[in-house]
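In what follows, a structure is listed as structure tokens, so that the remarks can point back to it.
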């Protein structure tokens, strides 16, 4: 797992911080190049429209020059002679559909396809006046006068030329001329162009005349401002960028389109330019990951497994890194092996000392147990020669000595001299007190065992006070009672880390001890309870434990004793 505090994460962070600026710079340059290419393509589209508009304007200006020349001829030759020669002029320039000569807004004569004049507002030409050029200005330098557009299909552009008088010449270039102008340029062969009037009527466009799928589906896109790109959906459902350049403001414009693919060449280059730095970054991080693992972490994991085996007590384990490991880790492994040798030697010494101490303690406890048994035997021999209160006093003392001896005996039998099993201790003390009190079958015992654990244990310094406490609590219930009659009941209820001991007196005709003896027994019981850190149960707790199987009776003792729960064998100190 990659964590912020691990060596791998810190080294990878260092590598990432070292490589990331280069990746960000490369991505930024790629993005800048993409924006530059996009701006260049947009500028090329706008410039193409401007160039084609200039060519169309130049062609119309050429028509104006011809018409102005014809007007000059009309002024020299007269109307009759000029009208007779006008068809010859039209034969020379068939790129013009019709030439029409007007005076004061009235048609004088025309040559060519006169039907093309039907869509023009001829009366409006009466108001077209031309300022005389300055003196000395050559005729051929006269500028384009006025462009007008027809209002009925087929739609045409007309060039109105004047010479300062009432005479006006209208020239109508053919749509073939317009198409040739659009298709003659490289831009016109690569992108669709059209000449449209101010009412969005198509006068001419390049390519197939029937193919108008590139035109915008919404006419308001025709209103695109000059030198501005407008994105839109075409009639064919494709995405285009459109731009327009005026030929004559308010009359006609050149309208161009360029396909806008969703994922074109520029976008492909952008993705490639962004993906390559990221791929390089991923490769660098992967190589760094593998290098850190192969050059460093594998040896650290090996040392970690060795240390784990050492923690389990295997003092024969050695790191012994090969020569291919880094020098610093080899030095660390050597120091680790030296530490393992020293630790193993010291552990063996401590184990020897612990075994000696354990043997000494066992011998000491064995001798203490033997001494208790000798004392108990002496008291047993002595009480046989006595009777009455002396007999009971010696029997009670014998029970106390035997209770302490039982605790030592069970601790030695268990193997761990620090702990004594609780259940056998209670059984043995109860059985010996019954025998010493002279009523072997006088007490009925009932034990409830904990199903989750095999046994409960008490430390020896608590087991001895508990054994003595049981003697002090049980003896008054048995001494002087009738043999063979059930007089008391002991409830043994484990609850997790505690065991509840409750002694109930089931018979009322018990010969109670003297008041002085009762007070002395009570003091001893309280002292023993304090030594084993027990808690006396209140009436509510006792009532909650009673059931049909636990009949009521006078409570002689009710305590909760903290114990140690073990479901495994005694610890091996060797």
Problem - Qualifying residue in the stretch 48-56 (condition: within 29 Å of the chain's Cα centre (by Cα) and within 30 Å of residue 192 (Cα to Cα)) - result: no
Practice task
Kindly check whether there is at least one residue in the stretch 529-542 that is assigned to a loop (DSSP other than H, G, I, E, B) and either over 60 Å from the mean Cα position of the chain (by Cα) or at pLDDT below 70 (or both).
Solution key: no
Exercise for the section: Output the residues belonging to the stretch 70-100 that are closer than 13 Å to residue 172 by Cβ and either in contact with a strand residue (DSSP E or B) (Cβ under 7 Å, 6 or more places away or on another chain) or exposed (fewer than 15 other Cβ atoms within 10 Å of the Cβ) (or both). Expected result: 90, 94, 95, 96, 97, 98, 99, 100
Practice task
Could you please let me know if residue 349 is within 30 Å of residue 433 (Cα to Cα), more than 41 Å from the chain's Cα centre (by Cα) and without any contact (Cβ under 8 Å) to a residue 12 or more places away in the chain?
Solution key: no
Problem - Residue within the stretch 25-40 that is closer than 26 Å to residue 180 by Cβ and without any contact (Cβ under 8 Å) to a residue 60 or more places away in the chain present - result: no
Practice task
Answer yes if at least one residue in the stretch 83-93 is in contact with a helix residue (DSSP H, G or I) (Cβ under 7 Å, 6 or more places away or on another chain) and in a loop (DSSP other than H, G, I, E, B), and no otherwise.
Solution key: yes
Practice task
Check residue 333 against each of (1) more than 30 Å from residue 397 (Cα to Cα); (2) surrounded by fewer than 17 Cβ atoms within 10 Å (Cβ to Cβ) and name the one condition it does not meet.
Solution key: (2)
Fill in the blank from the handout: If we keep only residues of the stretch 124-143 that are touching a strand residue (DSSP E or B) at 6+ places or on another chain (Cβ under 9 Å) and over 23 Å from residue 87 (Cα atoms), then the residue modelled with the highest pLDDT is 124
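The values are calculated or read from the model by the stated rules, or taken from the named source; none is laboratory data. This one's a predicted model, so the numbers in the text were calculated from it and none came from an experiment. For neighbour counting, all protein chains shown are included, and Cβ atoms are generated from backbone atoms with ideal geometry for every residue, glycine included.
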